[in-house]
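Working notes for the structure below.
The values are calculated or read from the model by the stated rules, or taken from the named source; none is laboratory data. Note that this is a predicted model, so its numbers are computed, not measured. In this analysis, Cβ positions are derived from the backbone assuming ideal geometry, glycine residues included, and neighbour counts consider all displayed protein chains.
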């Protein structure tokens, strides 16, 4: 149990933000996600959606149905309750990655920048589980926390016009995966054949969600092509482990 401290303030006339802290940390982000999950179970006419970020939850509402004063009063009531519940179904997702070469054109730069070899970059990058703090920038783009300091690398001086979907990159203190082909300035060190965004999956097109853990797994070209073929045939299964974690608030 942790004591719930949060500030509430308006974002224009159709949204309100609940802020749980100022630093990026698993504890604060866990409270964000847990509150967002609690909020999703509340049936309130006028609430459109809620969006969790690193430290905040922003709630969008219809001001013709729900006034700012009313939504703020409800939020204060929720925050003042003693609540204990699970961060439900936290998942550990294994993402296979082919590092270097045409699939990771900036791997050598990252290695040279830190004075280590390519193999050490790969070893370090695959050595920990990364937390999905939030999704943004493009549909399904995961902002991951926990990149070891030895791999902190500046963005490209000149962003690329197009980065292929599935590209795994590093930018500053973060690592991430491009779900769509978009412009970008991250250092690309590898590529996963596993799609993070599939438009044809209308009910659930995004693979990842805030609170997930990601573990990158280094693969070779033969394995990469085998996975690609399995995906084309519709028989590939993403490896996912489910982890139960507890989180809660105490007023």
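Name every residue in segment 168-181 that is buried (at least 17 other Cβ atoms within 10 Å of the Cβ) and more than 15 Å from the chain's Cα centre (by Cα), in order of residue number. Step through it out loud before you land on a result.
Initially, segment 168-181 is screened for residues buried (at least 17 other Cβ atoms within 10 Å of the Cβ), giving 168-171, 174-180.
The answer is none; no residue qualifies.
Condition (residue is in contact with a strand residue (DSSP E or B) (Cβ under 6 Å, 6 or more places away or on another chain), at pLDDT 90 or above and not in a loop (DSSP other than H, G, I, E, B)) applied to segment 18-29: is it met by at least one residue?
yes
Just give me the residues in segment 121-145 being over 12 Å from the mean Cα position of the chain (by Cα) and either assigned to a loop (DSSP other than H, G, I, E, B) or surrounded by 15 or more Cβ atoms within 10 Å (Cβ to Cβ) (or both), in sequence order.
Residues of segment 121-145 over 12 Å from the mean Cα position of the chain (by Cα): 121-129.
Once the filter is applied, which keeps residues that are over 12 Å from the mean Cα position of the chain (by Cα) and either assigned to a loop (DSSP other than H, G, I, E, B) or surrounded by 15 or more Cβ atoms within 10 Å (Cβ to Cβ) (or both), segment 121-145 yields 121, 122, 124, 125, 126, 127, 128, 129.
At pLDDT 95 or above, out of contact with any strand residue (DSSP E or B) (no Cβ under 9 Å at 6 or more places or on another chain) and either closer than 18 Å to residue 217 by Cβ or outside the structural domain of residue 212 (by TED's automatic domain parsing) (or both), is that true of residue 124?
Numbers: at pLDDT 95 or above: yes; out of contact with any strand residue (DSSP E or B) (no Cβ under 9 Å at 6 or more places or on another chain): yes; either closer than 18 Å to residue 217 by Cβ or outside the structural domain of residue 212 (by TED's automatic domain parsing) (or both): yes.
Judged against the criteria, residue 124 is a match.
In segment 201-235, which residues are at pLDDT 95 or above, in a loop (DSSP other than H, G, I, E, B) and surrounded by 14 or more Cβ atoms within 10 Å (Cβ to Cβ)?
219 - this is the single residue of segment 201-235 that is at pLDDT 95 or above, in a loop (DSSP other than H, G, I, E, B) and surrounded by 14 or more Cβ atoms within 10 Å (Cβ to Cβ).
Of everything in segment 99-151, what is touching a helix residue (DSSP H, G or I) at 6+ places or on another chain (Cβ under 9 Å) and without any contact (Cβ under 8 Å) to a residue 24 or more places away in the chain? Give them in sequence order.
101, 108, 111, 117, 118, 119, 120, 146
If I ask for residues that are surrounded by fewer than 17 Cβ atoms within 10 Å (Cβ to Cβ), within 20 Å of residue 210 (Cα to Cα) and at pLDDT below 85, which ones from segment 42-89 would you list?
Passing the criteria: 84, 85, 86, 88, 89.
Which ones in segment 146-167 are outside any loop (DSSP other than H, G, I, E, B) and crowded, with 18+ Cβ neighbours inside 10 Å? If you could, list the steps in order and put the result at the bottom.
Within segment 146-167, the subset outside any loop (DSSP other than H, G, I, E, B) is 149-151, 153, 160-163, 167.
Across segment 146-167, the qualifying residues are 151, 153, 163, 167.
If you scan segment 182-200, which residues turn out to be assigned to a loop (DSSP other than H, G, I, E, B) and in contact with a helix residue (DSSP H, G or I) (Cβ under 8 Å, 6 or more places away or on another chain)? Show your work before the answer.
Here is the first cut: in segment 182-200, the ones assigned to a loop (DSSP other than H, G, I, E, B) are 185-186, 192-196, 198-200.
Result: 193, 194, 195.
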